[in-house]
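Trainee: Attaching a single structure in structure tokens format; questions to follow.
The values are calculated or read from the model by the stated rules, or taken from the named source; none is laboratory data. Treat the numbers as computed from the prediction; the structure is a model and nothing was measured. Neighbour counts run over all protein chains shown; Cβ positions are idealised from the backbone, glycine included.
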Amino acid sequence: MSVNGGPTGGSGASDGAHAAANRYVPEATVARLATYFRVLGSFGENGTTTVSSDELATAAGVNSAMLRKDLSFLGSYGIRGVGYDVDTLTGQIARALGLTVHRSVVLVGVGNLGQALAGYAGFGSRGFHIAALLDADPARVGTCIRGLVVRDIAALADVVHEEGITIAVLATPAAVAQDVCDQLVAAGITSILNFAPVVLSVPPHVDVRKVDLAAELQILSFHESRKHAMPRPVAR
């Protein structure tokens, strides 16, 4: 990923912006930038104007050294003794993540999970607009969810073209996920958020992020088992 941010406050903002432009950012850092963006939003809502690296790191669940390294990819180093200006840093991260551009999204699969995702307010508050809902079930096509009429999956190519969509949320059953994915790619979709419990095969130019809720619960179960297996401390 390349970024287009400048340092937060202080002198040399222009130089920092040019130095950060087109700089590669590791995927792990990109994921944490999204977390920082969310946390900064909470600070801003509470009226906080400046935040120290320790405060921001603690709220984001990382250590301050990692935070400073992540933000250095944006050319942002804060002001010694003051910290980071919340609004400025929020803007920097928004630009780096491409959130200053309005992005329309198509959601495919409006079963129970898809309907919940369609009503998720977090998409809109972070710059994403669910522009279309698609499904293959005739019983769902034509129904209205959150003000949007569900359209037939057969209209996918037209919807993508009409709305200028490049991002899709996939919430179909596993058995049809790859077929729907192929249709999405053929229609011009280049980024997919996959909620189907299956690994998708896509061309090199298509990015896929997989959200496996069951796997996350299994990881938590593992940690719970480890906790119970640990010897209990002896009372003295």
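Trainee: Of all residues in region 139-171, which are of a type outside the set (Val, Ile, Thr), crowded, with 17+ Cβ neighbours inside 10 Å and closer than 23 Å to Gly98 by Cβ?
Mentor: Passing the criteria: Ala168, Leu170, Ala171.
Trainee: Additional query: Considering only region 192-212, how many residues are surrounded by fewer than 15 Cβ atoms within 10 Å (Cβ to Cβ) and under 23 Å from Glu162 (Cβ atoms)?
Mentor: Of the residues in that region, 2 qualify.
Trainee: So which of Ala215, Ala186, Ala174 ends up being touching a Pro at 6+ places or on another chain (Cβ under 6 Å), surrounded by fewer than 17 Cβ atoms within 10 Å (Cβ to Cβ) and not β-branched (Val, Ile, Thr)?
Mentor: Of the residues listed, the single one that is touching a Pro at 6+ places or on another chain (Cβ under 6 Å), surrounded by fewer than 17 Cβ atoms within 10 Å (Cβ to Cβ) and not β-branched (Val, Ile, Thr) is Ala174.
Trainee: Can you tell me which residue in region 74-85 is modelled with the highest pLDDT, limited to those that are closer than 15 Å to Leu56 by Cα and buried (at least 20 other Cβ atoms within 10 Å of the Cβ)?
Mentor: The extreme case among them is Tyr84.
Trainee: Moving to a separate point now. For region 86-119, which residues satisfy the criterion of being loosely packed, with under 15 Cβ neighbours inside 10 Å and assigned to a loop (DSSP other than H, G, I, E, B)?
Mentor: Once the filter is applied, which keeps residues that are loosely packed, with under 15 Cβ neighbours inside 10 Å and assigned to a loop (DSSP other than H, G, I, E, B), region 86-119 yields Gly98, Thr100, Val101, His102, Gly111, Gly119.
Trainee: Shifting gears a bit: Can you confirm whether Val206 is out of contact with any Leu (no Cβ under 8 Å at 6 or more places or on another chain), β-branched (Val, Ile, Thr), free of Cβ contacts under 8 Å to residues at least 12 places away in the same chain and in the same structural domain as Asp137 (by TED's automatic domain parsing)?
Mentor: no
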